[in-house]
């Protein structure tokens, strides 16, 4: 009987902002690790996510969307994305299949020219596309880059996502398990908690606020036998943004807290007392000290 070998490797997931990278990763991992929003550039750190089965372990690097930076936070996000293209075994380049090819997609493709590993084109959102539209998109992009594979998927419904795993497993080298079977991310709980709160802020505030929001866990400790006390600060850049996050009579912040608490309790497996404060830190996205404090630091 032929003995099967275990495979493992690292795969970067790249694309312009808001094409579904985090949704795809969350579906593969079968648990929410990266925050998902209809606002672009919600992922800010390079998040390591781990898929393990009997045959292989695939470590996905869910990167911030590659874009032209407008401030120091933007530069950090781009640096995190480019760092993910080093020392990897494959790249998944995601596009929104139901949107026209734009400068952002071409910008990312240009950055992939020097990559020496197989690049897969993942055409996302095929659940809202016709077969003719899918074929047109395949032809359109295949003339721009020598992709190793082209795989149409729906990250939202999971349609054909298993094909991505199957093709990656074929090309990955024989290797060890880098992480335990039950480990799905390298992110500490404090960061995951902060990201959950930031996501709820993004979902519950108007367009002018999301990119100015940072969330930071100041304190996280047991309280009693079965409760975790979490004191967290949401930072914005202007007083007007603070008023929006809090809302009239605190209504928006109460909604944010209720939504976040439920998800954090599922994450931690215990009751949570969530104490959220909102503070102004002017122009924090352009201040190195603030970026470092909030965890946006280069490796």
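Examine the range 45-62 for a residue that is over 16 Å from residue 162 (Cα atoms) and at pLDDT below 50, and state whether such a residue exists. Yes, because at least one residue in the range 45-62 is over 16 Å from residue 162 (Cα atoms) and at pLDDT below 50.
Summed over the range 256-275, residues that are under 23 Å from the mean Cα position of the chain (by Cα) and either closer than 18 Å to residue 223 by Cα or surrounded by 13 or more Cβ atoms within 10 Å (Cβ to Cβ) (or both) total 13. Residue count for the range 148-186 satisfying the condition of being buried (at least 18 other Cβ atoms within 10 Å of the Cβ), over 19 Å from the mean Cα position of the chain (by Cα) and closer than 19 Å to residue 125 by Cα: 2.
Of the residues screened, residue 91 is not one that is in a loop (DSSP other than H, G, I, E, B), farther than 12 Å from residue 24 by Cβ and modelled with pLDDT under 95.
The values are calculated or read from the model by the stated rules, or taken from the named source; none is laboratory data. Not measured: the values here are computed from a predicted model. Note that we place each Cβ from the backbone using ideal geometry, even for glycine, and neighbour counts take in every protein chain shown.
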